[in-house]
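The structure appears below as structure tokens.
The values are calculated or read from the model by the stated rules, or taken from the named source; none is laboratory data. In this text the structure is predicted, and so the values were computed from the model without any measurement. Here the Cβ positions follow ideal geometry from the backbone for every residue, glycine too, while neighbour counts run over all protein chains shown. Remember, those area values only see protein heavy atoms, side chains included, never the ligands or the DNA or RNA. Shrake-Rupley method; radii C 1.70, N 1.55, O 1.52, S 1.80 Å.
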Amino acid sequence: MGNPKILLVKLSSLGDVLHNLPIVWDLRARFPDAQIDWVVEEGYVNLLNPLLSNQHFRGIDRIIPFGLRGWKKSLFSLKTWQAFSLFKKDLQAQTYDIVIETQGLLKSALVCALANKSSHVVVTGLANATEFSGYEPIARTFYNQSVQVPTQCHAVDRSRWVMCSAMNIPLVVSEISPQFYPTSFVEQIPNSSIFGLHRPYILCFHSTARAAKRWPKEDWVALGKSLAAEGYQIVFPWGNAEERTISETLAMQVSHSLVPPAFSINEAFSLIKGASLTIGVDTGLTHLAAVLDRPTVEIYCDSPRWKTEGYWSKQIRNVGDIQSPPSIQEVLSASFELLKR
């Protein structure tokens, strides 16, 4: 295939973008001189920056920010249309031979339609939904190659199915451990500068967008008290006003705990890197800890483990499952097992 020009389209959300990272490594291993660009929502550009190509590393050649979330807030303003025009110009600065769309949504498919494509282009996307994932069948009309994937398919493996079909190469299976970030990047992540944080600390990501995926507040309190008794500072992050209230309620009941201020994705890298342990429900920042290969306990309450569980590291423990939340003792046992390591 020579040196194809490849466009990856995975716009959001945080966890989905993370679980798409391994296909960059898979592509580079087989097509070292390919051009690889990626369209992503503006808010997640910092997740991709560590994979940008430089003189010592070849990863993503170009990140193309997509501002849809901001544009929707003022759809009819001149500023929005100017921003869209700039996005379109950026997207169309390259002509692509392969377009790989791993989201299966209309907004992603429309990005594929807008891209400049060679006469022999392969535009590949999902032919079907996987269980418990968003999927819009109309997206298929924008591909010239649709890929049937297993209905129960891990998020990493699903992206690999689509990528391997697009590139006409044998399927990269989960036995080939996925890579996410360069080791050199992870090693150089600076310490967090959040005021009031002291080591050793444990992060507790208790909240996520869907309430059914959350673990009971009283369980977080019991867990926090047990871990605090071992000398750890318990940190309860939050992402919006409702979550902040929950964090403050939990912190009031766990001695010497901390509710940090709001923080950016870059600060999240630092906060997670410095933690003795991250414990969290099925949400993007918990998955960030897992892909950074930090000690991580992933709690599943109302989503299937097979879909996003960290299977690539001995530093990860997955507890609970859909409609089967783990007990406090299960989470504590997994936590102490990792802390002893």
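Quick notes on this one:
- If you go through the stretch 116-130 and keep only what is crowded, with 20+ Cβ neighbours inside 10 Å and in a loop (DSSP other than H, G, I, E, B), you end up with just Thr130.
- Selection count, the stretch 275-304, where residues are within 12 Å of the chain's Cα centre (by Cα), outside any helix (DSSP H, G or I) and buried (at least 24 other Cβ atoms within 10 Å of the Cβ): 2
- Among (1) open to solvent by 50 Å² or more (accessible area, probe 1.4 Å); (2) more than 22 Å from the chain's Cα centre (by Cα), the one test that Arg62 misses: (2)
- Considering the stretch 308-341, and only residues there that are out of contact with any strand residue (DSSP E or B) (no Cβ under 9 Å at 6 or more places or on another chain) and under 23 Å from Pro178 (Cα atoms), the residue that is least open to solvent (accessible area, probe 1.4 Å) turns out to be Trp312.
- Test result for Ala113, of a type outside the set (D, E, K, R), surrounded by 15 or more Cβ atoms within 10 Å (Cβ to Cβ) and outside any loop (DSSP other than H, G, I, E, B): no
- Test: Trp25 is of a type outside the set (D, E, K, R) and open to solvent by 10 Å² or more (accessible area, probe 1.4 Å): yes
Residues are listed down the side, and each one gets a yes or a no for (1) part of a loop (DSSP other than H, G, I, E, B); (2) surrounded by 12 or more Cβ atoms within 10 Å (Cβ to Cβ):
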{"site": "Ser133", "(1), (2)": "yes, yes"}
{"site": "Ser146", "(1), (2)": "no, yes"}
{"site": "Cys153", "(1), (2)": "yes, yes"}
{"site": "Trp161", "(1), (2)": "no, yes"}
{"site": "Ser165", "(1), (2)": "no, yes"}
{"site": "Pro170", "(1), (2)": "yes, no"}
{"site": "Pro190", "(1), (2)": "yes, no"}
{"site": "Ile194", "(1), (2)": "yes, yes"}
{"site": "Glu242", "(1), (2)": "no, no"}
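- Pairs are defined by a Cβ separation below 6 Å, a sequence spacing of at least 6 or placement on different chains, a first member in the stretch 66-94 that is of a type in the set (S, T, N, Q), and a second member that is part of a helix (DSSP H, G or I); the pairs so defined are Ser74/Thr80; Thr80/Trp71.
- Scanning the stretch 264-306 for residues that are among the small types (Gly, Ala, Ser) and out of contact with any helix residue (DSSP H, G or I) (no Cβ under 9 Å at 6 or more places or on another chain) returns Ser270, Gly274.
- When we screen Leu250, Leu223 for residues that are in contact (Cβ under 8 Å) with a residue 60 or more places away in the chain, part of a helix (DSSP H, G or I) and open to solvent by less than 50 Å² (accessible area, probe 1.4 Å), the only hit is Leu223.
- Restricting attention to the stretch 172-188, the residues that are polar (S, T, N, Q) and in a loop (DSSP other than H, G, I, E, B) add up to 4.
- Among the residues of the stretch 253-274, those identified as free of Cβ contacts under 8 Å to residues at least 40 places away in the same chain, open to solvent by 60 Å² or more (accessible area, probe 1.4 Å) and part of a loop (DSSP other than H, G, I, E, B) are Ser255, His256, Ala262.
- Lone qualifier among Lys314, Lys307 - being in a loop (DSSP other than H, G, I, E, B) and basic (Lys, Arg): Lys314
- Evaluated against (1) surrounded by 17 or more Cβ atoms within 10 Å (Cβ to Cβ); (2) out of contact with any helix residue (DSSP H, G or I) (no Cβ under 9 Å at 6 or more places or on another chain), Ser85 falls short on exactly one condition, (1).
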